[in-house]
Amino acid sequence: MKKATLVFIALLACGINAQSQEISEKNIRQTIGYLASDKLQGRATSSPGERLAAEYIANLFKEYKLVPKGDSAGSYYFHFKCRYNPDKTDTVPDHATERNGTDVIGYLDNGAQYTIVIGAHLDHLGLGYDGNSLDPNPKGKIHPGADDNASGVAGVLELARYYSSQNKKGNYNFLFTCFSGEELGLFGSKKYCEKPTIDLSKVDLMINMDMIGRLNDSTKRLIVYGVGTAPGLVRLIDSVPSAFSIKKDSAGIGPSDQTSFYLKNIPVLFFFTGEHSDYHKPSDVAAKINYPGEKQVLDYIIRVVAAINAEPKLVFTPTRNTEIGRKAAKYKVTMGVMPDYSFDGEGMKIDGVTDGKPASKAGIKQGDIVIQMGDLKIKSMMDYMKALSAFKKDETTDVVLMRNGKKITVKVTF
């Protein structure tokens, strides 16, 4: 009886250890459910809800025995101040434009020479007062941000748990980062990169996860940005087995926090399952997350990291795009459209149009492809974002579209 009991205990311990070394769909669901709950009120930068999110993350970092790498000894919190003004008439009062953001930073020290940063932003749009909601009447509505970006935070936490539970240490240390202020202009990652708490020259790669919770089970499309930021990344991504249809983009600069690290000459990879009709709306809720799909994405990232483990140190390579992405830029105007980030052709394809916004008023439709705005040719998403920054409120311009294979011109008033 005693021997049988010991055998049972040993088998139970093995089972628990095996479970700790797998990505848990249950944990993903729990984290997203909490972060996107009404209690957190949309996690706007500097809000009580965002602080609750930061506490939740820090508590799990502590549970996983990560080393605190905040701005003071023994703290996971990295504090910063930022000022945000959307330059719109429907903004919050002036006193609210100064924000106190809080990043959450934890370090897994494997005694390695180099470090991989794994990050996601924890903030979202709060109650819709900052001018970046796509809801026609956003004020006072909770924007849960389940996909954007509770899904990415859940990814960071699961990968932190996974790597901290490994008996065999890899060739890298890991810095797990959850950034504030991303929706206002990449503030949290930028501030951290300006005053890092580890030596950034020893960072081999930054992996960013933003909106990884809406994998389409039909297309299996996974978008990976940054493959041009180091020689061999394209080959590496292609070599890692997966069931995904992977769209690769070489750009290091884009619409999320990997940009801040790229600008410090660090190779980056940004994982993204694509936009959807709930993007930046109160309807981005936890019930719409593809939880098995997110687990698949995280399992794939683990395989990518394993492949990087077998490579020599990555060598940073500047990429073709130098414009700031859509979330990082501060625009005076908006078209009121949702771009199709998975579009492979020339121009900017529209995946959705917001009622009452300039594009809708001009008769622009889902599926239209923008190829020119004023005198500016639009060959890519970056061209479109650059063009937006050239226009002012109440200005009218010609927008040239491709619709069903035919070229048409409409007048858009911003």
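Every number here is computed from the coordinates shown, using simple stated rules; none is lab data. As the structure is a prediction and not an experimental result, all values here were calculated from the model. All Cβ positions, glycine included, derive from the backbone under ideal geometry; neighbour counts span all protein chains shown.
Before moving on, here are some points about what is shown:
- Net lengthening on full extension, Ser165/Glu22 (0.36 nm per residue, minus Cα-Cα): 50.5 nm
- Taking only the Cα atoms of segment 337-413, the radius of gyration and Dmax are 11.3, 32 Å.
- Cα→Cβ-extended label distance, 7 Å offset, between Lys365 and Ala307, nm: 4.0 nm
- For the chain, the share of DSSP beta bridges that are antiparallel, to the nearest 5, is 60%.
- Cα lying deepest toward the dipole's positive end in the chain, options Gly345, Ser180, Gly145, charges on Cβ: Gly345
- Annotation: amide H-H contacts under 5 Å for Gly213 (H modelled 1.01 Å from N, sequence separation of 5 or more, or interchain): Thr273.
- Between Gln30 and Ser389, the C-beta separation translates, for a Förster distance of 30 Å, into a calculated FRET efficiency of about 0.15.
- Each label was represented as a point 7 Å from its Cα along the Cα-to-Cβ direction; for Asn59 and Ala243 these points are 3.4 nm apart.
- Distant-in-sequence amide contacts of Asn110, defined by a placed amide H-H separation under 5 Å and a gap of 5 or more residues or a different chain, comprise Asn173, Phe174.
- Highest GNM mean-square fluctuation among Asp375, Asp130, Asp103, for the chain modelled with Cα contacts below 10 Å: Asp375.
- Extension reserve of the Ala287-Ser250 stretch, reckoned as 0.36 nm per residue once the Cα distance is removed: 10.1 nm
- In terms of distances greater than 18 angstrom between alpha carbons, the cross-link table entries Lys26/Lys295; Lys190/Lys281; Lys264/Lys332; Lys141/Lys361 yield Lys190/Lys281; Lys264/Lys332; Lys141/Lys361.
- Under 17 Å from Lys247, Cα to Cα: lysines that are on another chain or at least 8 residues apart: Lys220, Lys349
- Take the Cα of Lys81, step 7 Å toward its Cβ, do the same at Tyr114, and the gap between the two points is 3.8 nm.
- Percentage relative contact order, the chain, counting C-alpha pairs under 8 Å, at least six apart: 15 percent
- Listed pairs Lys39/Lys393; Lys248/Lys377; Lys377/Lys411; Lys191/Lys386; Lys288/Lys407 exceeding 26 Å between Cα atoms: Lys39/Lys393; Lys288/Lys407
- Rounded FRET efficiency, nearest 0.05, which uses the C-beta distance separating Lys220 from Asp398 and R0 of 41 Å: 0.60
- Virtual paramagnetic centre 7 Å along Cα→Cβ of Glu346, amide N under 15 Å, in segment 356-385: 369-373, 376-381, 383-384
- As a ratio to 2.2 N^0.38 Å, the alpha-carbon radius of gyration for the chain is 1.00.
- Charge dipole of the chain about the Cα centre (unit charges at C-beta), most positive-ward option of Gly252, Leu236, Asn132: Leu236
- Magnitude of the charge dipole, the chain, Cβ model with Lys/Arg +1 and Asp/Glu -1, debye to 20: 380 debye
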